[in-house]
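Each value in this text was obtained by applying a stated rule to the coordinates, not by laboratory testing. Just so it is clear, the model here is predicted, and its values are computed rather than measured. When we count neighbours, we look across all protein chains shown, and the Cβ atoms used for this are built from the backbone with ideal geometry, even at glycine.
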Amino acid sequence: MTVLPKIVGRDEFAALIVRTAYDDEAAWQAVVADLVQPWGIGGEYDADVHLVDDPAWDGATPGDVLAVARADEDLSVVFLADSVTMQCAHRGLLALDIHDEDEDLDPMDGGPPPREFRTVPAGVHTVHANLSIANMDFEDFAEAAFTDPDGVFRSFS
C-alpha cells in the first residue's frame, strides 16, 4: 500500500481539491481554470482553493483520500479530480463527505445518508462555503445532484 503525503498548508476557508488522475494535463488545466473563477451572484467572491497536484496521489481511491483528509478538523468536504472528471464534458469533481460513515446514522431515518456526488467546478465553492458554515447539509447537495440528468450538482438556481 502506498503511503500518501499529508495535506499541508490549506487555509481553513479554501476548498480542498485533490487530483487523482494524471493522464490528461489539458483536462486538468481546464478544471483549474474553472475552479479559480470568481463565484457568487455576479462573481462577487474570489475563488479560494487548495490544489493538491502531486503525482503521489495518482490512482488514489476516495477512501485513500478520505483517510488523509480527515486529519483536517476544519474540513467538511473534499473534492476529487479523478478520471471521470477528466473525461466528462461537465468536468464534474467527486465531492466526498469528510465525516465518518457511522457518525450521521440515525436509526429513525430510512438508511445511511449519501456520502458522495459530483459537482461542476463552478459548484465547488457553493458546496464548500455552505457546508463550512453549516448553512446546508451534504445531503441537500447530493439530492440536487441526483435530480440532474447527468447526476451532477450545478446550482440551485
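Listed by number, the DSSP H helices of the chain that run 24 Å or longer by alpha-carbon position along their axis and have mean Kyte hydropathy of at least 0.0 come to an empty list.
Per residue, the Cα convex hull of region 15-151 amounts to 118 Å³. Summarising the label geometry, the points placed 7 Å from Cα in the beta-carbon direction at residue 26 and residue 100 lie 4.6 nm from one another. From the alpha carbon centroid of region 1-50 to that of region 127-157 is 18 Å. Between the residues 71, 32, 7, the greatest Cα displacement towards the positive end of the dipole of the chain, with unit charges on the Cβ of Lys, Arg, Asp and Glu, is found for 32. Using a 10 Å Cβ count of at most 13 others and DSSP loop calls, identify the longest part of the chain lacking such GluC sites (Glu not before Pro). Here the longest segment lacking exposed loop sites spans 74-157.
How much net charge surrounds residue 84 when only the other residues with a Cβ under 10 Å from the Cβ of residue 84 are counted, with Lys and Arg +1 and Asp and Glu -1? Result for the neighbourhood of residue 84: +1.
Under the convention that each Lys and Arg Cβ holds +1 and each Asp and Glu Cβ holds -1, the size of the dipole of the chain around its Cα centre is about 500 debye. Each residue, residue 3 and residue 46, gets one label point 7 Å from its Cα in the Cβ direction; the gap between the two is 3.6 nm.
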